[in-house]
Structures are given as C-alpha cells and as structure tokens.
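Please read the structure below before turning to the comments.
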Amino acid sequence: MHNHQLWMKKAIEMAKKAEKNDEVPVGAIIVKDNKVIGSGYNRVVNDCDASAHAEIQAIRNTGLAIENYRLVDTTLYVTLEPCMMCVGAIVHARISHVVFGAYDQKTGMAGTRENCFDKAYHNHKVEITGGILELNCAQLLQQFFKKRRKN
C-alpha cells in the first residue's frame, strides 16, 4: 500500500500539470520494476483531441519510450477511475495492474458504473485497485470544477 501511495503522488503531480494548462486535472504514470517508465496528463482541450486522456497519453509516451505497444508487467497509476475508452486502451496495451485514486460516479468503468475490465471476451485480465489517496485526487478535481463554475 505504501508504494501505491508513493506512485499515486507522482500521478497527482502530473494532474497538477494538466490543471496548469487549464485541463481537467487527471494525471497518470506507468511503473515497471519499481521505476516510472512513462507518464501523461489530460490534454483534451489543448490538443483538440477527445482521446487525449491522461491514461492514453501515458500509454503513448511509454510505448515510444520502450519502443513497444505492449506494456507487459506494468502498473498504471491514474488519479481518476478510467473511462470506457481508457479501459480498452489499457487492455490492448496489456497493462497488468491499474491503481486509481478517485472513483468516477458518472463514467467510472473499473467498478463504479460498470467493470469493463472484467469481461469474459477479454483475452487479457487486469488487476484493479481503487481509492488510493482518493481524497487528495477527488479534492483536486472538485477544486478545479468549483473554480471553473465560479469563473
């Protein structure tokens, strides 16, 4: 659990980069052998790309770094529960474990609204751990949207 908290703090740092760019503050890192091998944060608005979620950015950056689209034996840390699109990318990338912070009551697909990881038709199984530094991750999002509504 301690390592999960350490890595989630790194994902939170990435989320803060998104916020500085006026993006929804979601950050992600990918860890293998106790080392960060890739990272990303939301870039949907700045890239004019609906698929530029933090998880997708981290997967793309990691694939380029290791020169392989298969991210076997890795753990993805993300500050918000993955959506359906990100679940698909995570499964196709063969990520072994997803650790997320805040639960997403609207579109969370790692168990909150649905568990899209746990489908019989997937030929790859992903371990899920949720709620790591949940309060920190949720507050970052809440403060962002509160500030946005105020403006």
Quiz item: Looking at region 113-125, which of the residues that are over 20 Å from Thr75 (Cα atoms) and not acidic (Asp, Glu) is most open to solvent (accessible area, probe 1.4 Å)?
Solution: Tyr121
Quiz item: Can you find even one residue in region 43-55 that is of a type in the set (Ser, Thr, Tyr), at pLDDT 95 or above and touching an Asp or Glu at 6+ places or on another chain (Cβ under 7 Å)?
Solution: no
Quiz item: When Val98 is evaluated against the numbered criteria (1) open to solvent by 20 Å² or more (accessible area, probe 1.4 Å); (2) under 20 Å from Ile12 (Cα atoms); (3) without any contact (Cβ under 8 Å) to a residue 60 or more places away in the chain, which criterion, by number, is the only one it fails?
Solution: (1)
Quiz item: Can you name the residue in region 116-137 that is touching a residue at least 40 places away in the same chain (Cβ under 8 Å) and not aliphatic (A, V, I, L, M) and is also nearest to Met14 (Cα to Cα) among such residues?
Solution: Cys137
Quiz item: Quick one: how many residues across region 32-58 are within 23 Å of Asn3 (Cβ to Cβ) and open to solvent by 50 Å² or more (accessible area, probe 1.4 Å)?
Solution: 5
Exercise. Scan region 138-151 and report the pairs whose first residue is within 15 Å of Glu13 (Cα to Cα) and of a type in the set (Gly, Ala, Ser) and whose second residue is outside any helix (DSSP H, G or I) and modelled with pLDDT of 90 or more, with Cβ atoms within less than 7 Å and a gap of 6+ or a chain change.
Key: Ala138/Ala102
Self-check item: Out of Thr62, Thr74, Thr79, sole residue that is touching a helix residue (DSSP H, G or I) at 6+ places or on another chain (Cβ under 6 Å), of a type in the set (S, T, N, Q) and open to solvent by less than 30 Å² (accessible area, probe 1.4 Å)
Solution: Thr79
Exercise. Go through region 11-31 and give me each residue that's open to solvent by 80 Å² or more (accessible area, probe 1.4 Å) and in a helix (DSSP H, G or I).
Key: Glu13, Lys16, Lys17, Lys20
Practice problem: Give the residue that is least open to solvent (accessible area, probe 1.4 Å), with candidates limited to residues of region 85-95 that are within 11 Å of Arg70 (Cβ to Cβ) and free of Cβ contacts under 8 Å to residues at least 60 places away in the same chain. | Solution: Ala93
Quiz item: Is it fair to say Ala65 is closer than 17 Å to Ile132 by Cα and among the small types (Gly, Ala, Ser)?
Solution: no
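The values are calculated or read from the model by the stated rules, or taken from the named source; none is laboratory data. Note that the structure is a prediction, hence the values are computed from the model and not measured. No Cβ is skipped: glycine too gets one built from the backbone with ideal geometry, and neighbour counts run over all protein chains shown. What goes into the accessible areas is simple: the full protein's heavy atoms, side chains included, and nothing from ligands, DNA or RNA. Shrake-Rupley method; radii C 1.70, N 1.55, O 1.52, S 1.80 Å.
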